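Taking it in order: structure first as structure tokens, then the write-up.
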Amino acid sequence: MAVLHGVIPVFLLLGLGTLARRLGWAGDEFIRDLNRVIYWFAIPALLLRLLGKAHLGTAFSGPMILACLVAGLVSTLLAAAVAAMLREPPRRRGVIVQAAVRGNLVYMGFPVIFAAAGTEALTVAAVTVAVLIPFQNLISIWALALGGEHRGLAVLRAIVLNPVVLGVAGGVAWAMAGWQAWPWLDNFLRLLGNIAMPGALLAMGAQLELRALEANRAAAAWATLLKVGVTPAIGLAIMAALGVTGTPRLVGLLLLAAPTAIASTAIAQEMGGDIDLSTACVMAASLAALPAYVLWGLLA
């Protein structure tokens, strides 16, 4: 039941987006513009406030975070190898890497973790994502930049000046400074950030088409296997070797098992990646989320 509480709302919002498309309320231009607003405004606001208000020094599990980082790096290499094996063009390779590494930590992982283990586990998760979010985003943006039209210094510029990275950097700086935001600014960031995931879910639901998944079946299947299967398994093995147990192990495993982030589609669109493949990867991983969470929850 705890897993269902976190997963069902996601699928309901996806379904509403699909319904809106079928009713003619969400055309291609609307979806494109909504993704752009989410990418440039809502996601940075969400990350800025989330990390800025987190207590980074509490509930910090170094061994668990190390296991998550190593698992992510191994999955990055495996995803790149898979993309090469499938002989994918450059603009699709970055999408595969992003799909295998970048998880829906906050809006899928957090509800499941809170429902399964309560406030203590959620606090550990909040501190952990302060490290995982910039890590996963940097890998994803780097891979997408290399696969797009960016070369040399343009790759570095695309990474550093990316609004997602800027939101993360600003949030970490805010938290480290211990600054208390003005109430009006905090409310503004909260309202703007609240658009991010529901808006991304609705936009992605409007873009979901079985033919897109069918056309990208092999790449989406490999990316999904890496994201919700291989990556958590690697993380679990490393945590076991490092002696991580209890709440930190549960949190780390459920964060690693989070399906591909919904916002990946908007980011792939802006970074020149294959948006159809990105949508297919998110769809496949989201469909696999329920059995994956049940499996890893039991093993944790």
Check residue 43 against each of (1) modelled with pLDDT of 90 or more; (2) touching a Gly at 6+ places or on another chain (Cβ under 7 Å); (3) β-branched (Val, Ile, Thr) and name the one condition it does not meet. (1)
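Condition first: touching a Phe, Trp or Tyr at 6+ places or on another chain (Cβ under 8 Å), within 30 Å of residue 74 (Cα to Cα), among the β-branched types (Val, Ile, Thr) and not in a helix (DSSP H, G or I). Can you find one or more residues in the stretch 242-250 that meet it? Working first, answer last.
Let us first name the residues in the stretch 242-250 that are touching a Phe, Trp or Tyr at 6+ places or on another chain (Cβ under 8 Å), namely none.
Looking through the stretch 242-250, none of the residues is touching a Phe, Trp or Tyr at 6+ places or on another chain (Cβ under 8 Å), within 30 Å of residue 74 (Cα to Cα), among the β-branched types (Val, Ile, Thr) and not in a helix (DSSP H, G or I).
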Can you run down the residue pairs with Cβ atoms below 9 Å, 6 or more apart or on separate chains, where the first is in the stretch 22-40 and within 19 Å of residue 162 (Cβ to Cβ) and the partner is of a type in the set (S, T, N, Q) and surrounded by 12 or more Cβ atoms within 10 Å (Cβ to Cβ)? 32/269; 35/207; 35/265; 35/269; 36/269; 39/269
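So, in the stretch 207-233, how many residues would count as being crowded, with 21+ Cβ neighbours inside 10 Å and within 19 Å of the chain's Cα centre (by Cα)?
The first filter runs over the stretch 207-233 and keeps only residues crowded, with 21+ Cβ neighbours inside 10 Å, leaving 207, 216, 219-220, 222-224, 226-228, 231-232.
Next cut, within 19 Å of the chain's Cα centre (by Cα) only: 207, 219-220, 222-224, 226-228, 231-232.
Going through the stretch 207-233 one residue at a time, the tally reaches 11.
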Any residue at all in the stretch 50-64 that is modelled with pLDDT of 85 or more, of a type in the set (A, V, I, L, M) and over 26 Å from residue 188 (Cα atoms)? yes
Restricted to the stretch 29-76 and to residues being hydroxyl-bearing (Ser, Thr, Tyr) and under 17 Å from residue 126 (Cα atoms), the residue surrounded by the most Cβ atoms within 10 Å (Cβ to Cβ) is 61
From 189, 226, 213, 236, which residue is part of a helix (DSSP H, G or I), touching a Ser or Thr at 6+ places or on another chain (Cβ under 6 Å) and of a type in the set (A, V, I, L, M)? 226
Among what's in the stretch 11-25 and is aliphatic (A, V, I, L, M) and at pLDDT below 90, pick the residue that is surrounded by the fewest Cβ atoms within 10 Å (Cβ to Cβ). 12
Can you pull out the residues in the stretch 81-109 that are under 12 Å from the mean Cα position of the chain (by Cα) and modelled with pLDDT under 90? 104, 105, 106, 107, 108, 109
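Does residue 115 satisfy the condition of being crowded, with 23+ Cβ neighbours inside 10 Å, assigned to a helix (DSSP H, G or I) and touching a residue at least 60 places away in the same chain (Cβ under 8 Å)? Even if it seems obvious, please write down each step before you answer.
Working: crowded, with 23+ Cβ neighbours inside 10 Å: no; assigned to a helix (DSSP H, G or I): yes; touching a residue at least 60 places away in the same chain (Cβ under 8 Å): yes.
Here the answer is no, as residue 115 does not meet what is asked.
The values are calculated or read from the model by the stated rules, or taken from the named source; none is laboratory data. Remember, predicted model here, so these are calculated numbers, not experimental data. Positions of Cβ are generated from backbone atoms using ideal geometry, with glycine treated the same way; all protein chains shown enter the neighbour counts.
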